[in-house]
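The values are calculated or read from the model by the stated rules, or taken from the named source; none is laboratory data. Predicted model only: the values in this text are computed from it and were never measured. Reconstructed Cβ throughout: ideal geometry from the backbone, glycine too, with neighbour counts over all protein chains shown. All accessible areas refer to the heavy atoms of the entire protein, side chains included, with ligands and DNA or RNA removed. Shrake-Rupley method; radii C 1.70, N 1.55, O 1.52, S 1.80 Å.
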Amino acid sequence: MIQRLQSLILLFSAASSLIIVFYFPVLKSTEITIYLTENISYARLCVFLSVGLAIFSIFQFKNRNRQLIINQVSKLFISIAFIIIILKKGEHNFAIGLFLFIIPYLLIFLANYFIKKDERLVKSADRIR
């Protein structure tokens with residue numbers, strides 16, 4: 001159900017991750033600017049897996065516990081990509097794309113909050129019946 005707030009937030013998380021991969025550099029030096037599309041393949045793979053899991057999680061709206069677990073794994077992949085980029089730093093400086101990884105991470109965190117809130121609402125409605 002795409003009209004749920006957490007589904008929209010997960011969609012924005014996936015879109016922001018893809019925008020970071022293709023449009024923002026993650027490392028830079030005086031001559032070179034490195035994007036995730038160039039030579040950091042494992043970090044790019046982790047981001048794409050995170051995007052795929054976020055999109056898959058949107059369609060798991062009937063099972064909120066599974067949705068929470070999928071979102072946690074998606075956050076884990078974003079964290080792994082972040083760590084891989086930091087380890088590949090070498091002589092380069094951090095660029096804006098690395099700091100923008102906070103946005104999809106926080107969006108998934110926010111989606112988890114709304115999923116838990118939805119679960120509490122359903123449990124309270126079950127108690128009334």
Discussion item. Could you check segment 1-55 and list, in sequence order, the residues that are open to solvent by 30 Å² or more (accessible area, probe 1.4 Å), aliphatic (A, V, I, L, M) and assigned to a helix (DSSP H, G or I)?
Written reply: Leu5, Leu8, Leu11, Ala15, Leu18, Ile19, Leu45, Leu49, Leu53, Ile55
Practice prompt. Return a yes/no flag: does segment 14-26 have any residue that is of a type in the set (Ser, Thr, Tyr) and over 27 Å from Ile115 (Cα atoms).
Written response: yes
Worksheet item: In segment 27-57, what count of residues is obtained for those that are under 30 Å from Ile115 (Cβ atoms) and at pLDDT below 85?
Response: 1
Response to the item:
Filtering segment 24-66 down to residues that are touching a residue at least 60 places away in the same chain (Cβ under 8 Å) and within 17 Å of the chain's Cα centre (by Cα) yields Phe24, Val26, Leu36
Fill in: Filter result for the condition that a residue is modelled with pLDDT of 90 or more and within 27 Å of Pro25 (Cα to Cα), over Ala111, Ala95
Ala111
Discussion item. Just to be sure before I move on: is Arg127 farther than 24 Å from Ser57 by Cα, in a helix (DSSP H, G or I) and open to solvent by 100 Å² or more (accessible area, probe 1.4 Å) in the structure I sent?
Written reply: yes
Practice prompt. Working only within segment 58-77, note down all residues that are within 18 Å of Tyr113 (Cα to Cα), modelled with pLDDT of 90 or more and not polar (S, T, N, Q).
Written response: Ile58, Phe59, Arg66, Leu68, Ile69, Ile70, Val73, Lys75, Leu76
Discussion item. Give me the residue from segment 60-118 that is assigned to a helix (DSSP H, G or I) and among the charged types (D, E, K, R) and, out of that set, least open to solvent (accessible area, probe 1.4 Å).
Written reply: Lys75
